[in-house]
Every structure is written in structure tokens, then in C-alpha cells.
């Protein structure tokens, strides 16, 4: 009996004929000239033209499901890399969903039927599928600073699925849209989206409700936010929600336990603001332990930053530097550019406290540049930057200060990803 050739056999043959090119990198990936792609597309049958985009979406939607689970574990950096490499494929799937829905709306206005005729294949609700895919991707968009793009996709599909009312995907998508808006300093939009998401989440279980309350708490923690948030968006309430989910939602128990790192972090920040460094350190270490248990590198970087702050306040500069360098390495591994800016700011503060004035100015210049590169809000940082660098300017003089600032602020994204702090 003849053996059907595998896809890899076909690819090897195409590579021999120079019709595909093996891409650089550890993964087995191939590239095709756009002219060949267009020629192949033009020669597809009507049925293939109708079904291939749906199969493409189906594949990447399932793949995005696995990726989101991988983003909260030891394979975090590997999955982020894969999402980066396939971002264009994911965009193509989202565009296909969006284009069909736009065509359907246009045809409905003209009294036409936009559904393509596909033999024995029911047309899926592509707005719902588009929302599902965008909802799976918002954490990736957040970590890699694709904030504007993520917000655009989420808004598009949330608007087109309004008739569905309350669903888990829609509530989670509103939460994602709110978080991305916070990153860009659009607090009014963030509050609006998060309050809608919270109203939906109340009937969808304590895990999702805790997630949205946590995002509202994140909004409330922003120094330049003047908008009210619900009183229940407090760390102890959120922690109780996650612990309830661990008991009552077995399928969510792992995710809920990992999520406890966030309210534990919040409890530590509150104690730190009150000057209770010992209690704060205890909460930060509990938060770090949760993240270490699950291998969540992005999560680990948050308590490390605050443990460094405590060590710095206590004059333990070596320990502070160790915490910060560890956090910076984690952020760099994940290509979390916004998080790298936070680490650079804290290293600048450490240099300030040690009176290493040139280093202090360079680090704050780097942090400023990296924040600008990501499109993050910088207004909330202005006062802190000025407070930390004013003593340096007094000692270095205007010209010396400007030179060091320009040295730091000329950093590129690629340089920030491999930067090693001075000892």
C-alpha cells in the first residue's frame, strides 16, 4: 500500500526547487516569495478559496488557546517568542474575521446575502471567533507593548458582538481593553471598559471577577489617576475572590492560585506606603514564592522590584542591586520593554541613593527613552524623574547633566534588551 507523503516531504521538495526558503532560527519555518503566494492563491478552486481562511483561523485559534496557558508558566518566554514570530498570521486571521463581518453589514444594508456558498459547511459567527482570538491575545499584546493595536482589535469585535450580551469572552475582553488603556494613560476609557467587564464578570465566577477587580485596583494605584473606582477593588477582596475560585472552580484552581500573587503584591505595597517594611517584605516574598512555584517570570519581576526598594531604603545596596538585576534579566528574556523601563528607573534610584550621579542620569535617560519607545504614558513619571535627577544636575552642572542624559536617552529597543548595568 502506498504511503501518503508527509507535509515535511513536500516542503523539502519545494525547498530543493527554491520555491520556499527556510527561515533563520531554531524553529522549522519556511518563507515564500509574495509572487509565488499570489500565483498559488489565483489557482485555488472556489471551494479552497472559501475554506482555507477558515482552516487557518481554526488552527491559530486553537494555537492561541495553548499559548495563553503557556504565558503563565515556565514556558512563558518560549510562547512569547512563538507569538511574536506568528503575529502576522494572527493578524491575518483577525483581518479575515473583520472583513467578513464588515461585508456582511454592508450587504445587510443593501438587502443582500453575504454568506459565501460553501458545500456542507455552516458559516461560523466570525465576529464571535474574532473576539475569541483577540481575547486570547491581549496578555501578549500587553507584555510586548502592542497596546494600540490590541485596543483596536478588542474594540472592533466587542462592538460587533454586542447582541451576545454577557459572555466570558466579552467580559475578559473588556478587562483586556481596560488594562491596555491604562498602559497608555487613557484612564477614562480604561474605567469605562473595566466597569462594563466587572458587571458581566459578577455572574461568571469569582476568578474572572477577581481579575477585573485587580485591573481596577491597578487603575486606582496610578499616581496621576483622579477617577473613582469601586471600593471593592482592594487587595484583600481580590485575594478572597481568588481563594474562593480555588475552592469552587476546580478548572480555574491553578490559574486562580497563580493570580493570588497580584493581591499579595498589593497588600505589600499598602504596608510599604504605611512605612511597615517588615510586613511589606513578607507579602512581597509570598507573592514571589507563588510566581516561582508556577515559573511565571513576568510575575516574579514585580515583587523583586519592591524587595529592591526595601533593601535600598535600608541601605543594603548590594541586595537591592541583586534584586533589580534579576528582575531586569527576566524582563529582557520576555522582551517586556515596558517592564525594562521600570527596572531602569529603579536602578537609577539606586544610583541616586549611592550618589553615583552620572550613572543615575544615564539610567533615567534610558528609562525615559524606553517608555517613549513603547508609547507608554510618561506624565506620571515626570515628578519622580525630576526629584531623582535634580541633585545630579546640581553636582554635574547643566552641561554635564545634559551629556549624561543624552547618552542614556539615545538607547534603542535592541540595546535595552541586552543592557547590563554597571557594577
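What follows is calculated from the coordinates using simple rules that are stated; it is not laboratory data. This is a predicted model, so every value here is computed, not measured. We place every Cβ from the backbone using ideal geometry, glycine too, and count neighbours over all the protein chains shown.
Quick rundown of the values:
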{"quantity": "Alpha-carbon centroid distance for the pair segment 199-227 / segment 358-423, whole angstrom", "calculated": "32 Å"}
{"quantity": "Spherically averaged projected area in nm², based on the convex hull that wraps the Cα atoms of segment 238-284", "calculated": "3.0 nm²"}
{"quantity": "The chain: relative contact order as a whole-number percent, Cα under 8 Å and 6+ apart", "calculated": "10 percent"}
{"quantity": "Max mean-square fluctuation residue, GNM over the chain, Cα-Cα springs under 10 Å, options 171, 98, 23", "calculated": "23"}
{"quantity": "Mean separation of Cα contacts under 8 Å, 6 or more apart, over the residue count of segment 350-423: relative contact order %", "calculated": "46 percent"}
{"quantity": "204, 154, 52 arranged by Cβ crowding within 10 Å, fewest neighbours leading", "calculated": "52, 204, 154"}
{"quantity": "Mean Cα-pair separation over length for segment 135-279, i.e. relative contact order, pairs under 8 Å, 6 or more apart, %", "calculated": "16 percent"}
{"quantity": "Of [x] 42, 28, 21; [y] 35, 28, 20; [z] 42, 22, 19, the label for semi-axes √(5λ) of the Cα gyration tensor in Å derived from the coordinates", "calculated": "[x]"}
{"quantity": "Percentage, to the nearest whole number, of Cα pairs in segment 284-423 over 26 Å apart", "calculated": "20 percent"}
{"quantity": "For segment 262-290 and segment 230-251, distance of Cα centres in Å", "calculated": "17 Å"}
{"quantity": "Neighbour-count ranking [beta-carbon atoms within 10 angstrom, fewest first] of 44, 71, 208", "calculated": "44, 71, 208"}
{"quantity": "Percent of Cα pairs exceeding the 21 Å cut-off, where the set is segment 350-423", "calculated": "23 percent"}
{"quantity": "Compactness of segment 287-333, expressed as Rg and Dmax over alpha-carbon positions, Å", "calculated": "10.5, 31"}
{"quantity": "Helix-only CD estimate at 222 nm, as mean residue ellipticity for the chain, using -39500 (n - 2.57) per DSSP H run (n ≥ 4)", "calculated": "-24000 deg cm²/dmol"}
{"quantity": "Proxy reagent accessibility, fewest Cβ within 10 Å first, across 284, 261", "calculated": "261, 284"}
